[in-house]
Amino acid sequence: MYQLLAPSFTYFAAFALGLVVQTFDREHESREREARLEAAAHAAEIDAIKGQLRPHFLLNSLNSILSLIDDEPAEARRMIGRLASLLHTVFDGLDEPFVPLERELAMVRDYLEVERIRFGDPLHFTVDADSSAAQALVPPLLLQPLVENAVRHGIEPSAAPGTLRVRAQVERGRLQIRIANTVN
């Protein structure tokens, strides 16, 4: 009887161990697959955000520069400088998964300055961050689409002057970014 039990016990123990190993392998493969899917989703999200710098913004900016060249050449040069700075920041950050928030805020300032030159008096803005928030790492082009929407849907349709405020701060260990759009 003992001679029969020992091999049976060994067989069942090996079988159980095989099942445990197989379960761990499946779980490991599942986690790897989930991580790959998550990374792909994150990459797709970043690509979508990068595409938010609308081509017609660039075309409108170039048309504005053309109209300023004869009448206000200093403003045209200023707008070209801001647009070049904005595009430089966008293209520099394309391959980086995260950039310092201060770099994103500088790009937002350039974007808003281009829009302010285009719209004139209707657009006023402030962009500021506390020192710890400025050093936080964020995905590139995180803020520009949000700010662009605030301008396009808040300031642009209104004939009255409007103010846009972008404020970043760290509260209770978390980065908080507020974009407030008020049309006077």
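Kindly indicate which of PRO97, PRO140 is part of a loop (DSSP other than H, G, I, E, B), in contact with a helix residue (DSSP H, G or I) (Cβ under 9 Å, 6 or more places away or on another chain), more than 25 Å from PRO161 (Cβ to Cβ) and open to solvent by less than 40 Å² (accessible area, probe 1.4 Å). Break it down stepwise before answering.
Values: PRO97 fails: open to solvent by less than 40 Å² (accessible area, probe 1.4 Å).
The match here is PRO140.
On the given criteria, is LEU142 in contact (Cβ under 8 Å) with a residue 40 or more places away in the chain, within 22 Å of LEU87 (Cβ to Cβ) and among the hydrophobic types (A, V, I, L, M, F, W, C)?
On the way: in contact (Cβ under 8 Å) with a residue 40 or more places away in the chain: yes; within 22 Å of LEU87 (Cβ to Cβ): yes; among the hydrophobic types (A, V, I, L, M, F, W, C): yes.
In short, yes.
Quick grid of which residues meet (1) buried (at least 16 other Cβ atoms within 10 Å of the Cβ); (2) in contact (Cβ under 8 Å) with a residue 12 or more places away in the chain; (3) in a loop (DSSP other than H, G, I, E, B); (4) under 18 Å from the mean Cα position of the chain (by Cα):
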site	(1), (2), (3), (4)
VAL114	yes, yes, no, no
VAL127	yes, yes, no, yes
ALA150	yes, yes, no, yes
ALA159	no, yes, yes, no
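Just the residues that are open to solvent by 40 Å² or more (accessible area, probe 1.4 Å) and in contact with a strand residue (DSSP E or B) (Cβ under 9 Å, 6 or more places away or on another chain), please, taken from region 84-94.
Let us first name the residues in region 84-94 that are open to solvent by 40 Å² or more (accessible area, probe 1.4 Å), namely 84-85, 87-88, 91-92, 94.
Scanning region 84-94 gives a single hit, ASP92.
Does ARG118 satisfy the condition of being farther than 18 Å from MET79 by Cα, crowded, with 16+ Cβ neighbours inside 10 Å and in contact with a Ser or Thr (Cβ under 7 Å, 6 or more places away or on another chain)? Reasoning before the result, please.
Values: farther than 18 Å from MET79 by Cα: no; crowded, with 16+ Cβ neighbours inside 10 Å: yes; in contact with a Ser or Thr (Cβ under 7 Å, 6 or more places away or on another chain): yes.
For ARG118, the condition - farther than 18 Å from MET79 by Cα, crowded, with 16+ Cβ neighbours inside 10 Å and in contact with a Ser or Thr (Cβ under 7 Å, 6 or more places away or on another chain) - is not met.
Restricted to region 5-18, and to residues that are of a type in the set (A, V, I, L, M) and open to solvent by less than 80 Å² (accessible area, probe 1.4 Å), which residue is modelled with the lowest pLDDT? Write out each step before concluding.
At the first step, the residues of region 5-18 found to be of a type in the set (A, V, I, L, M) are 5-6, 13-14, 16-17.
Those still in the list that are open to solvent by less than 80 Å² (accessible area, probe 1.4 Å) too: 6, 13-14, 16.
Values: ALA6: 73, ALA13: 83, ALA14: 85, ALA16: 85.
Within region 5-18, the match that is modelled with the lowest pLDDT is ALA6.
The values are calculated or read from the model by the stated rules, or taken from the named source; none is laboratory data. Since we're looking at a predicted model, the values are computed, not measured. Counting neighbours? That spans all protein chains shown, and the Cβs are built from the backbone with ideal geometry, glycine included. For accessibility, only protein heavy atoms count, side chains too; no ligands or nucleic acids. Shrake-Rupley method; radii C 1.70, N 1.55, O 1.52, S 1.80 Å.
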